[in-house]
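Before any comments, here is the structure.
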């Protein structure tokens with residue numbers, strides 16, 4: 001299904017090269033001031049990344065990404081009805097993708113989607129599996145934060161790149177990305193996200209745990225292949241990993257658990273790390289099966305592709321946290 005949530009629901013629709021993509025959000029409180037300007041910063045971060053010097057690592061596809069409000073907004077104020085937002089696709093080049101029905105791209109969703117939808121799926125630009133679909137996701141994150149503010153919660157969301165291609169030294173990232181791009185290749189990265197201000201006692205044990213809710217959303221983001229809360233627990237001893245409580249509010253001396261115990265917030269910052277895969281679409285020639293000829297053949301992928309999709313993911317990680325917490329806290 002394409003809908004998440006119980007109290008704050010998000011439904012994403014559309015395809016990368018269709019006329020529009022969009023999102024319907026239910027559970028938005030009435031009386032919230034909302035305008036195009038509220039979305040501008042986050043949508044620009046998703047488009048170009050947070051680090052201007054690394055801009056060569058993102059796709060050359062440039063869309064205006066202007067939100068079009070279809071319902072749930074009157075005179076710039078939310079009405080309490082479902083909020084529907086559209087984004088127009090204008091800069092798509094569908095001819096770049098026509099051959100992938102016969103010869104699916106390695107590690108892309110082409111083959112899996114064809115198997116699920118009996119070949120009727122829209123393969124252009126990756127269809128519903130494209131990174132383009134993170135645009136309405138980020139828009140929903142903006143609305144989630146505004147809704148949480150309206151409900152009286154004062155939360156802080158901050159995500160940033162922590163490594164690229166396994167390298168933690170930011171001074172080396174430009175060279176790594178440039179090298180991958182020059183070679184027709186791509187690299188992955190990690191994003192660390194911290195949310196402050198979450199009260200203790202929020203979440204549930206077992207199936208609706210705070211980790212489960214965040215993970216549910218995180219793994220719906222194209223390119224996310226791993227998730228860790230807090231620090232790398234498997235490499236530490238119990239005496240090293242345990243977070244000692246130092247006051248009556250539950251503040252801990254360390255935060256190795258990432259602010260969650262037993263699936264429930266403990267009042268410390270919620271911290272998680274996303275592992276972002278290298279982009280599957282690369283210019284470098286690969287060998288893969290051609291279903292039309294019945295043989296393994298070379299495949300060259302044209303078009304415009306990210307050398308490092310992780311560059312655009314910090315704002316997406318913040319949206320993951322905001323949407324999950326809106327559903328839990330409202």
task: Identify the single condition in (1) over 15 Å from residue 311 (Cα atoms); (2) in contact with a helix residue (DSSP H, G or I) (Cβ under 9 Å, 6 or more places away or on another chain) that residue 196 does not satisfy, given that it satisfies every other one.
output: (2)
field: Tally, over region 146-172, of residues that are over 11 Å from residue 307 (Cβ atoms) and in contact with a helix residue (DSSP H, G or I) (Cβ under 8 Å, 6 or more places away or on another chain)
entry: 12
query: Here are some conditions: (1) more than 17 Å from residue 304 (Cα to Cα); (2) in contact (Cβ under 8 Å) with a residue 40 or more places away in the chain; (3) in a helix (DSSP H, G or I); (4) more than 18 Å from the chain's Cα centre (by Cα). Residue 113 meets all but one. Which one does it not meet?
result: (2)
query: residue 220 passes all but one of (1) exposed (fewer than 14 other Cβ atoms within 10 Å of the Cβ); (2) within 17 Å of residue 318 (Cβ to Cβ); which number fails?
result: (1)
task: Check 230, 188 and return the single one that is touching a strand residue (DSSP E or B) at 6+ places or on another chain (Cβ under 7 Å) and closer than 30 Å to residue 302 by Cβ.
output: 188
field: Every residue from region 319-330 that is more than 16 Å from residue 226 (Cα to Cα) and assigned to a helix (DSSP H, G or I)
entry: 319, 322, 323, 324, 325, 326, 327, 328, 329
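Each row is one residue, and each column tells you yes or no for (1) over 22 Å from the mean Cα position of the chain (by Cα); (2) assigned to a strand (DSSP E or B); (3) at pLDDT below 95.
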residue	(1), (2), (3)
222	no, no, yes
243	yes, no, no
247	yes, no, no
254	yes, no, no
267	yes, no, no
279	no, no, yes
282	no, no, yes
292	yes, no, yes
298	yes, yes, yes
statement: When (1) within 19 Å of residue 16 (Cβ to Cβ); (2) in contact with a helix residue (DSSP H, G or I) (Cβ under 8 Å, 6 or more places away or on another chain) are applied to residue 280, the one that fails is (2)
message: Tell me yes or no: at least one residue of region 205-216 is in contact (Cβ under 8 Å) with a residue 12 or more places away in the chain, assigned to a loop (DSSP other than H, G, I, E, B), surrounded by 20 or more Cβ atoms within 10 Å (Cβ to Cβ) and in contact with a strand residue (DSSP E or B) (Cβ under 8 Å, 6 or more places away or on another chain).
response: no
query: For residues in region 125-143 being under 21 Å from residue 185 (Cα atoms) and assigned to a helix (DSSP H, G or I), which is nearest to the chain's Cα centre (by Cα)?
result: 131
field: Qualifying position, being in contact (Cβ under 8 Å) with a residue 40 or more places away in the chain and either in contact with a strand residue (DSSP E or B) (Cβ under 7 Å, 6 or more places away or on another chain) or within 30 Å of residue 299 (Cα to Cα) (or both), among 119, 141, 125
entry: 125
query: Which pairs do you get when a residue that is at positive phi and free of Cβ contacts under 8 Å to residues at least 60 places away in the same chain, found in region 189-204, comes within reach of a residue that is in a strand (DSSP E or B) and surrounded by fewer than 15 Cβ atoms within 10 Å (Cβ to Cβ), reach meaning Cβ atoms under 6 angstrom, with the pair 6+ apart or on two chains?
result: 197/156
query: How many of the residues in region 144-188 are part of a strand (DSSP E or B) and free of Cβ contacts under 8 Å to residues at least 60 places away in the same chain?
result: 3
- request: Report those strands (runs of 3 or more DSSP E) wholly inside region 1-87 carrying at least 2 residues which are at pLDDT 90 or above, in contact with a strand residue (DSSP E or B) (Cβ under 6 Å, 6 or more places away or on another chain) and exposed (fewer than 13 other Cβ atoms within 10 Å of the Cβ).
  value: 68-71
query: Out of curiosity, is residue 197 closer than 26 Å to residue 268 by Cα and surrounded by fewer than 19 Cβ atoms within 10 Å (Cβ to Cβ)?
result: yes
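The values are calculated or read from the model by the stated rules, or taken from the named source; none is laboratory data. None of the values given here were measured: they were computed from a predicted structure. Cβ sites come from the backbone with ideal geometry, for glycine too, and all protein chains shown count toward neighbours.
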